[in-house]
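Working notes, structure below.
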Amino acid sequence: MLNLTKSAEAFAEAKTLMPGGVNSPVRSYASVDSNPPFIARAEGAKIYDIDGNEYIDYVGSWGPMVVGHAHPQVVKALQEAAARGTSYGAPTLIESELAKLVMKVYPSIETIRMVNSGTEATMSALRLARGYTGREKIVKFIGCYHGHSDSLLVNAGSGMATFGVPSSPGVTKGTAADTISIPYNDLEAFSEVMERCGEEIAAVIVEPVAGNMGLVLPRQGYLRKLREITEKHGTLLIFDEVMCGFRASLGGAQAAYGITPDLTCLGKIIGGGLPVAAYGGRRDIMQKVSPAGPVYQAGTLSGNPLAMTAGLETLRIITAEPEDGKADYSRELTIKTKKLLLGWQEKAKNAGVAIQAHQAGSMFGIFFNEHEVWDYEDSASSDQEAFKVWFQAMLEQGIYLAPSQFETLFLSGAHTDEDIERTIEAAEKAFGIVHNLSA
Ligand SMILES: *Cc1c(COP(=O)(O)O)cnc(C)c1O
């Protein structure tokens with residue numbers, strides 16, 4: 001039995017200090033009816049709590065830790081950067097270095113602006129789209145999460161899905177009315193909206209590989225149609241690749257599916273575990289951003305040298321030329337992820353537990369569902385009780401997963417074949433427990 005005595009005490013105190021005891025909702029474990037381990041440190045693929053338990057980590061800080069925790073190259077660069085001062089609020093060379101590297105991997109980004117969180121990136125991209133087109137409405141998809149800015153907190157995924165909140169109190173009716181939300185992967189619903197009011201719609205924002213309703217992949221040809229139809233109506237297409245960027249493939253979903261969006265939002269990995277995100281895209285659109293243009297957006301800590309350093313070192317590692325005969329970094333990750341997921345599928349099948357297993361590069365996840373999962377409604381029809389039991393059984397065996405079926409899991413370069421074997425063995429036992437529950 002996992003001993004979490006110290007974590008439980010720490011959580012009790014934290015609840016007197018922060019809403020729900022946390023600084024971001026899903027961390028609270030409220031969705032799995034238990035208390036979260038309090039983390040003391042992490043290294044490579046492992047994370048350690050204050051009770052002394054060790055886990056193999058598939059949360060990876062919800063995506064950023066693609067090279068593993070405390071990677072020596074990143075740590076060294078950060079130590080050196082910290083010694084040069086942590087913030088100047090003035091231009092630095094490293095901002096341009098990171099910009100150039102990102103643009104090399106994302107050719108659709110001709111001009112980029114660094115910000116501090118994915119929320120800021122999507123919020124700013126929307127403001128820009130509205131400023132550029134002179135239109136006010138936006139389209140988003142149910143179950144896609146784009147951070148917590150007002151316009152985007154309508155039928156959102158992630159914590160909103162986990163806690164069953166359709167639309168947040170505090171978002172004005174006017175703001176919500178400008179956001180049209182329709183099911184993901186439903187071309188008919190999309191075409192209908194665009195036919196009806198395409199000329200009023202500034203932007204369509206989408207997670208091209210959706211990771212905040214669990215991992216849901218776009219249907220064949222879906223993204224291409226979004227591109228064609230938005231173009232026809234002069235509506236901007238925004239790819240929110242905050243999660244799937246550098247994961248679905250190195251060049252994100254846009255490279256994997258061969259689509260060029262007008263604007264792209266990046267986050268998570270781009271900061272290598274420090275708070276960085278960015279938005280960018282077509283130069284003519286980005287030239288509307290202040291001070292080049294009139295659409296205002298700013299940030300005291302934007303382009304912060306420590307954060308830029310963590311992002312740059314992380315991207316250097318994952319974009320490095322592979323040694324002779326080896327696959328590149330993201331290809332390796334994809335292969336390892338596939339191995340893990342195939343193992344889980346086999347163990348589930350042996351245990352007689354129906355799951356849907358999804359993968360996009362180094363993102364993966366399962367649904368306890370007999371039916372295919374293509375949108376939020378499908379995802380929400382999955383067996384939440386089975387998930388809770390599975391989650392707990394995995395945690396007990398030292399496997400640290402996201403505490404919600406509406407989240408995605410991530411592999412890092414630090415996960416070894418042995419880690420994967422252990423995780424598959426743990427899954428065998430956990431699926432057995434899930435099976436006994438329903439038997
Ligand atoms: C995590 C996420 C965001 C929000 O990023 P924060 O840094 O948490 O504000 C936005 N969009 C997507 C697709 C995300 O996964």
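The values are calculated or read from the model by the stated rules, or taken from the named source; none is laboratory data. All values derive from a computational prediction rather than experimental measurement. So basically every Cβ, Gly included, is an ideal-geometry build from the backbone, and we count neighbours across all protein chains shown.
Every condition in (1) surrounded by 14 or more Cβ atoms within 10 Å (Cβ to Cβ); (2) within 24 Å of GLY159 (Cα to Cα); (3) not aliphatic (A, V, I, L, M) holds for HIS371 except the one numbered (1). If you go through region 198-221 and keep only what is in a helix (DSSP H, G or I) and either closer than 17 Å to SER249 by Cβ or out of contact with any helix residue (DSSP H, G or I) (no Cβ under 7 Å at 6 or more places or on another chain) (or both), you end up with just GLU200.
Among the residues of region 280-292, is there at least one that is part of a loop (DSSP other than H, G, I, E, B) and either of a type in the set (Val, Ile, Thr) or under 21 Å from the mean Cα position of the chain (by Cα) (or both)? Checked against the condition, which is being part of a loop (DSSP other than H, G, I, E, B) and either of a type in the set (Val, Ile, Thr) or under 21 Å from the mean Cα position of the chain (by Cα) (or both), region 280-292 yields no hits at all.
Output the strands (runs of 3 or more DSSP E) that fall wholly within region 1-61 and possess 2 or more residues being farther than 20 Å from GLY271 by Cβ, or say none. Passing ranges, in order: 46-49, 54-57. For region 37-52, the criterion of being among the acidic types (Asp, Glu), free of Cβ contacts under 8 Å to residues at least 12 places away in the same chain and surrounded by fewer than 19 Cβ atoms within 10 Å (Cβ to Cβ) is met by no residue.
Does VAL66 satisfy the criteria of being outside any loop (DSSP other than H, G, I, E, B), crowded, with 23+ Cβ neighbours inside 10 Å and away from the ligand (no atom under 13 Å from the Cβ)? When the stated conditions are applied, VAL66 does not pass them.
Against the test of being out of contact with any helix residue (DSSP H, G or I) (no Cβ under 7 Å at 6 or more places or on another chain), over 18 Å from SER87 (Cβ atoms) and small (Gly, Ala, Ser), the options GLY280, GLY258, GLY267 yield a single qualifying residue, GLY258. Counting residues in region 221-232 that are among the small types (Gly, Ala, Ser) and either farther than 28 Å from PHE406 by Cα or touching a strand residue (DSSP E or B) at 6+ places or on another chain (Cβ under 7 Å) (or both) gives zero.
Annotation note: Cβ proximity below 8 Å between a residue of region 114-127 that is under 14 Å from GLY281 (Cα atoms) and a residue that is of a type in the set (Val, Ile, Thr) and within 7 Å of the ligand (Cβ to nearest atom) (sequence gap 6+ or interchain) occurs for ALA121/VAL242; THR122/VAL242.
Within region 277-299, residues that are of a type in the set (Lys, Arg) and exposed (fewer than 12 other Cβ atoms within 10 Å of the Cβ) have Cβ atoms under 9 Å from residues that are assigned to a strand (DSSP E or B) and modelled with pLDDT of 95 or more in these pairs: ARG283/THR111, counting only partners at least 6 apart in sequence or on another chain. When region 355-372 is examined, which residues are found to be farther than 19 Å from TRP390 by Cα and free of Cβ contacts under 8 Å to residues at least 24 places away in the same chain? If the condition is that a residue be farther than 19 Å from TRP390 by Cα and free of Cβ contacts under 8 Å to residues at least 24 places away in the same chain, then GLU372 is the only one that fits.
Based on what the data block shows, is GLU188 in contact with a Gly (Cβ under 8 Å, 6 or more places away or on another chain) and surrounded by fewer than 21 Cβ atoms within 10 Å (Cβ to Cβ)? The answer is no for GLU188. The single residue among SER191, SER168 that is away from the ligand (no atom under 16 Å from the Cβ) and among the polar types (S, T, N, Q) turns out to be SER191. For region 223-240, the set of residues classified as outside any strand (DSSP E or B) and in contact (Cβ under 8 Å) with a residue 60 or more places away in the chain consists of GLY234, THR235, listed by residue number.
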